[in-house]
Amino acid sequence: MNIRDYFGKSILFFDGGTGSVLQGLGLKPGEFPENWNIEHPDEIVKLHYNYYLAGSNIIKSNTFGAFETKFTGAEGKYSLEQIIDAAFKNAQKARELIEEKDKESKEGQKPRFIALDVGSCGKLLKPLGDLEFEDAVTLFKKTFSIGLKKNPDLILIETINDIYEAKAAVLAAKECMENLPQEKRIPIAITTVYDEGAKSLTGSTPEIMVAVLEGLGVDALGLNCSLGPVQMKPIVKRLLEAASVPVIVNPNAGLPRSEGNKTVYDVEAEEFSELVAEFCKDGALFAGGCCGTNPLYIKKLVEKAGKLPAKKIEKKTRSVITSGTKIVEFGNVPVLIGERINPTGKKKFKEALRNNDIPYILNEGITQEEKGAQVLDVNVGLPEIDECKMMTDVVKELQSVTDLPLQIDTSDPITMEKALRIYNGKALVNSVNGKEEIMKSVFPIVKKYGGLLVSLTIDEDGIPTTTEGRIKIAEKIYKRAAEYGIDKSDIIIDPLAMAVSSDDQAGIATLQTVKYIKEKYNGNTILGVSNVSFGLPLREHITSIFFTMAMQNGLSAAIMNPNSMEMMKAWTCFKTLSGKDSQCTGYIEFAQKYEQTMQTVQAQNASGANANATAANQTGQNSETADPLIKAITKGLNDAAAKETRRLLEPAPDGNTENQLSPMQIINEKIIPALDIAGKSFEEKRTYLPQLLMSAEAAKSAFTVIKEILDKADVKQEIKGAIVLATVKGDIHDIGKNIVKVLLENYSFKIIDLGKDVEPEKILEEVVKSKIKLVGLSALMTTTVPAMAETIKLLRKDAPWCKVCVGGAVLTKEYAQMIDADRYCKDAMETVKYAQEVFEN
Amino acid sequence: MEENKIQNIKDATVFLHRAKNTELHTDINELMRYAGYSKQGIADSEARFLEMAEDAAKKIGSIINCRAAYIRFPLEIHFDKDFKTNQNAKAVIKFGGITFESRFLGINLEGCSAIYLFAATLGPAVDKEIQKAAKINPAMSVFYQAAGAMYIESYCDFLQNFLAENEQKNGFILKPRYSPGFGDVSLEFQKTFFNLLQCQKNLALTLNNSLIMSPEKSVTAFVGIKKK
């Protein structure tokens, strides 16, 4: 029988610990257990056999750390092929032996399987570590592709700490089997590690793991290692409640502690087996052990749980999306999706996209999060830019600064696939519609990567004006999605809000569709609500009431502007009035915020003339200079700097233009001198880095105001020159480089920031492409200085016109000379000075 | 580095250690020092910067997940005869089947009969918070960075106190910790720490090709054990 035939029908038992058993047999600390496949094959066969004998149905091949990074085949090391080949020979031999024995036993043949076992690839993925997501996939693929040739029954990915790595591993497994005939495709199982707080080390809860892994289509999931069965109990319960696939539980025998000179584990075999058998009663369908367990633990476990019936798995129908650390459920309280990362109708945003201004886009995301958005829509489509690259860049960057799940919003299937691939979590996907061609291209992508799919009620004939027409399309989408294996719970219908200004019945049709989907299918719906008010004055009035009506009709989510007080008011009040705000705490909190905002708005309206006084007050009285803008910048006060800049640019309230300054005057007479003061005071150690950075930020606020004015007047700001910045290959420290960047930007240089861990070739490519005159390289570790030297050498050869300045903790003037840099800059201010020197000549 | 057989396998168990964030000592002055402030600078600093430092300590203190792995070996050291007088003389250090030469670590371990190797980390959430702040609030990221540095040292102290208490019962004391990469102990030694302590599996701590650890707020170190 195939292992798949047992899934959901009977409980199968894994083996237990390998490392602890091998240590007892003489495995040296630091020695690779996988080497024993070749050096002590008999011991490994015995290890497997003993587990089979104890009652294990599945043994794990001794390939936990089998990656080509470790087993290179060079310098006397074994190759990955050799290790995996030997591991499977041992496992198969053990199986042959036990099958012989089974034949003789009274109970007859038992299910005996071999799992192709792998653990973590040993490196942390970007942005936390230095491994690219795609490189992680490749690493796993290499191991799987060799392992699959040995005819394992199951792939087991285990002891994974990071959900992002879990995704890479599962994708690798799937892709290795994509081209195999159906009968050759074996199940993929994965167990991850949790701490006592029921989170993975990167912060994922059991529910998040389930959402992401089931989205990726794993056949079984669960947990192993790190905890004993006692600590696992609440986590197992949550996994069982969330999962629709079989759950695996492989606990440690507690934690090791020293007792006298001996190492003991918390939990003995008897207690262990009792506790784990309980898990089986509760519904776990795979059970075994991890560190500290041995065949005795498994024997006792099989004695207690071997005859238990497999509990039937209820199919769960929660509609959820996640980031790596946050989960959002649809169908209860309406979900707010921030719409601001979208160029439609936003001039500034379009410009940010054209200029590759990622910080602007990130800020839009963070602001929306602060205002209460629960999901961020990401739409970066603009005809003149490379949408795919921009989308993946923005997704990568956004997921490093926000915990919110994202909505991947694109009509291009390639962009959609690339973004879903690198997305850390289960995304909201916008969108599919009722057109056959679109469904054909989008459903397979969502099936492969997982996701909650926004489905528009539009098809080849356009948008139906009637409720019936839209429902018909929604039903068609449900049906077609099911054919691809996508459940209704992973579909969210968008009945499309249309402008009431062009069709006064438009609101009704949409609302009725929302209601019908909810009542007939208990289905989820989503609306881009602001479309409804298009073409009308004071749009917020219409939009917010429409939003309220839609929620009353059962709307699950709205794509909206969280910066709009009216919208937040509608949402908060709706929750309070529909019994979803315990003791009105949500409303009271909102009311306080509302009052504060109103007061600020009033104060701003009344100010104008008072701005000068306010700025001066805020900046304190003791500074050397009395100029409010200079003071605001040197002190690092963002708001005061912006306000003062605005005041200087505009005529006085009485129309007097005498004190009005031009943008260039402000830059040259105020901002630059202020930055110089801040820089000097830092150099003289009268102030410290945080204040210097705050000054830079304040100057940025002033620049933002100036830019707004210049944009209105259509004046192009002078850019002094473009500089490439990078932290060199192998080095992942970029704080220093980022500081230099902030300062240089303030001095009107255009910065092309290539990030950290950058290949020399990539730097050269950029320099040649844009004829760059100055490159700044940063390195923090002595070990990465050679990479810096290599980069400079390459630049000298192929871009001799380019100057290079270097900085970072380990560098000195002498070092810089040695590696042929043009200048050593000991801090950000020196870099600015050098840049000015280079571009003046 | 030559590898010998381990004499006593029981001594080669990797132990895990955890600490609650509330157990760690918070030292704002130390944090300010890591942010680049001099003693005078701290004394003269405006209140708002001290507040930022305190906020940073609070924020980072709330997200750290302190975990460590350690291993204890019997230790043998052989000093060159002229060790005391010749600056180039070495000590040969042997433990756990590993033999290597170092002068500086030899000085640190003088008189020791056993050694701990440990790896400690604050977990990945700290790195994430620092990265995030660097993009939206650079000044705060400096304080976060400093708070991380302060807390990992604080955790190492905590761990060492715990080990010292255990050793004290048997009449041993601990020497100050010594990390690879310092003096004449190559950073290459990180690989040995990672192999011995199975840092990836036990702590989700990883080493990149330039021997930098991720999560970044992590420490590996030797700690000598000496008869009182």
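Explain nothing, just the number: relative contact order of segment A:639-760, from Cα pairs under 8 Å at least 6 residues apart, as a whole percent. With pairs under 8 Å counted, the relative contact order is 23 percent. The A:T600 and B:K39 beta-carbon pair, evaluated with R₀ = 56 Å, returns a calculated FRET efficiency of approximately 0.90. Rounded to the nearest 20 debye, the dipole size of segment A:61-143 about its Cα centre is 240 debye, using +1 on the Cβ of Lys and Arg and -1 on the Cβ of Asp and Glu. Looking at the protein assembly as shown, the DSSP beta bridges with both ends there are about 40 percent antiparallel.
Over chain A, what is the relative contact order in whole percent, taking alpha-carbon pairs under 8 Å and six or more residues apart? Computed value for chain A: 7 percent relative contact order.
Number of Lys-Lys pairs in segment A:189-303 with C-alpha atoms under 16 Å apart and a separation of 8 or more places or on different chains: 5. A straight line joining the Cα centroids of segment A:33-94 and segment A:184-224 runs 25 Å.
For segment A:758-828, a crude dipole built from +1 on the beta carbon of Lys and Arg and -1 on the beta carbon of Asp and Glu, taken about the Cα centre, is about 260 debye to the nearest 20.
Report the extension gain between A:T465 and A:T367 in nm, rounded to one decimal, defined as 0.36 nm multiplied by the number of residues separating them, less their alpha carbon distance. Please report the intermediate quantities before stating the final value.
Numbers: separation 98, 0.36 × 98 = 35.28 nm, distance 3.62 nm.
Result: 31.7 nm gained on full extension.
For B:T13, the residues whose modelled amide H falls within less than 5 Å of its own, excluding neighbours fewer than 5 places apart on the same chain, are B:R72.
Take the residue pairs A:K737/B:K39; A:K348/A:K712; A:K593/A:K631 and return only those whose Cα atoms are more than 23 Å apart.
On the way: A:K737/B:K39 26 Å; A:K348/A:K712 11 Å; A:K593/A:K631 30 Å.
Check vs 23 Å cut-off fails for A:K737/B:K39; A:K593/A:K631.
To the nearest ten degrees, helix B:47-63 and the longest principal axis of the Cα atoms of chain B are 60 degrees apart.
Based on other C-beta atoms within 10 Å, arrange A:T392, A:T457 from fewest to most.
Numbers: A:T392 19, A:T457 27.
Starting with the residue having the fewest Cβ neighbours, the order is A:T392, A:T457.
Spin-label model, A:K93/A:E314: points 7 Å from Cα along the beta carbon direction are separated by 4.9 nm. Placing a pseudo-label 7 Å from each Cα along the Cα-to-Cβ vector at A:L794 and A:D282 gives an inter-label distance of 5.3 nm. For chain A, the square roots a ≥ b ≥ c of the C-alpha gyration tensor eigenvalues yield an a/c of 1.5 or more together with a/b not exceeding b/c, which makes the shape oblate. Ordered by the count of other Cβ atoms within 10 Å of each Cβ, fewest first, A:K389, A:K233, A:K307, A:K106 give A:K106, A:K307, A:K389, A:K233. Histogrammed with a bin width of 5 Å, the alpha carbon distances of segment A:689-826 distribute as 2, 10, 19, 21, 18, 12, 8, 5, 3, 1, 0 percent, first bin at zero. Once each part is reduced to its C-alpha centroid, what is the distance from segment A:347-366 to segment B:127-201 in angstrom? What the calculation gives is 38 Å, centre to centre. The alpha-carbon atoms of segment A:268-412, seen along their principal axes, cover 70, 33, 30 angstrom, with the largest extent given first. Placing R0 at 51 angstrom, the Cβ-Cβ distance between A:D412 and B:N29 gives a FRET efficiency of 0.40 after rounding to 0.05.
Taken one residue at a time, the phi angles of segment A:472-482 give Karplus couplings (6.51, -1.76, 1.60, θ = phi - 60°) of 4, 5, 4, 5, 4, 5, 3, 5, 5, 4, 4 Hz. Gly and Pro are set to x. Between segment A:409-448 and segment A:777-820, how far is it from one alpha carbon centroid to the other, in angstrom? The distance from the Cα centre of segment A:409-448 to that of segment A:777-820 comes to 43 Å. If you take every residue apart from A:E540 with its C-beta less than 13 Å away from the C-beta of A:E540, what net charge results, scoring Lys and Arg +1 and Asp and Glu -1? It works out to a net charge of +1. Taken about its Cα centre, the protein assembly as shown carries a charge dipole of roughly 1520 debye when the Cβ of each Lys and Arg holds +1 and the Cβ of each Asp and Glu holds -1. Model label points for A:E814 and A:E303, set 7 angstrom from Cα along the Cα-to-Cβ axis, are 7.1 nm apart.
Averaged over every viewing direction, what's the projected area of the C-alpha convex hull for segment A:344-411? Give it in nm², one decimal, please. Before the final figure, lay out each step's value.
On the way: hull surface 17.4 nm².
Averaged projected area of segment A:344-411's Cα convex hull equals 4.4 nm².
Across segment B:95-228, Cα-Cα distances exceeding 20 Å account for 52% of all pairs.
Report the calculated FRET efficiency for A:Y484 and A:N356 (r = Cβ-Cβ distance, R0 = 51 Å), to the nearest 0.05.
Details: r = 36 Å, r/R0 = 0.70.
Working from the Cβ atoms, E equals 0.90.
For segment A:365-391, backbone nitrogen atoms closer than 19 Å to the point 7 Å from A:T704 Cα along Cα-to-C-beta are found at A:365-373. Using 16 Å as the cut-off for backbone N distance, which residues of segment B:197-228 belong to the label zone defined by a point 7 Å from the Cα of B:S186 along Cα→Cβ? Residues passing the 16 Å test: B:209-212. Shown in residue order for segment A:271-281 are the 3J(HN,Hα) couplings computed by the Karplus curve 6.51 cos²θ - 1.76 cosθ + 1.60 at θ = phi - 60°: 5, 3, 5, 5, 5, 6, 4, 4, 4, 5, 4 Hz (x for Gly and Pro).
At 0.36 nm per residue, minus the direct Cα-Cα distance, what do A:E107 and A:C584 gain on full extension? Give it in nm, one decimal, please.
Values: separation 477, 0.36 × 477 = 171.72 nm, distance 6.35 nm.
Once the chain is fully extended between A:E107 and A:C584, it gains 165.4 nm.
For chain A, the longest principal axis of the alpha carbon atoms and the long axis of helix A:585-606 meet at an angle near 20°. Among A:L794, B:L174, A:L128, a tally of other beta-carbon atoms within 10 Å of each Cβ gives an order, fewest to most, of A:L794, B:L174, A:L128. Compared with the direct C-alpha span, the chain from A:S145 to A:K712 gains 198.3 nm at full extension, assuming 0.36 nm per residue. Once backbone amide H atoms are built at 1.01 Å from N, A:S79 has A:G73 as its partners under 5 Å, excluding neighbours fewer than 5 places away on the same chain.
Rounded to the nearest Hz, the phi-derived 3J(HN,Hα) couplings of segment A:321-330 under the Karplus curve 6.51 cos²θ - 1.76 cosθ + 1.60 (θ = phi - 60°) are 10, 8, 9, x, 10, 10, 10, 10, 9, 9, where x marks glycine and proline.
Cross-link partners for A:K515 among the lysines, with Cα-Cα distance under 27 Å and sequence neighbours closer than 8 places in the same chain left out: A:K315, A:K316, A:K426, A:K435, A:K472, A:K476, A:K479, A:K488, A:K569, A:K575, A:K580.
Read-outs throughout are calculated quantities, based only on the coordinates presented, and are distinct from any laboratory measurement. None of these values were measured; they are calculated from a predicted model. Virtual Cβ from ideal backbone geometry, glycine too; neighbours counted across all protein chains shown.
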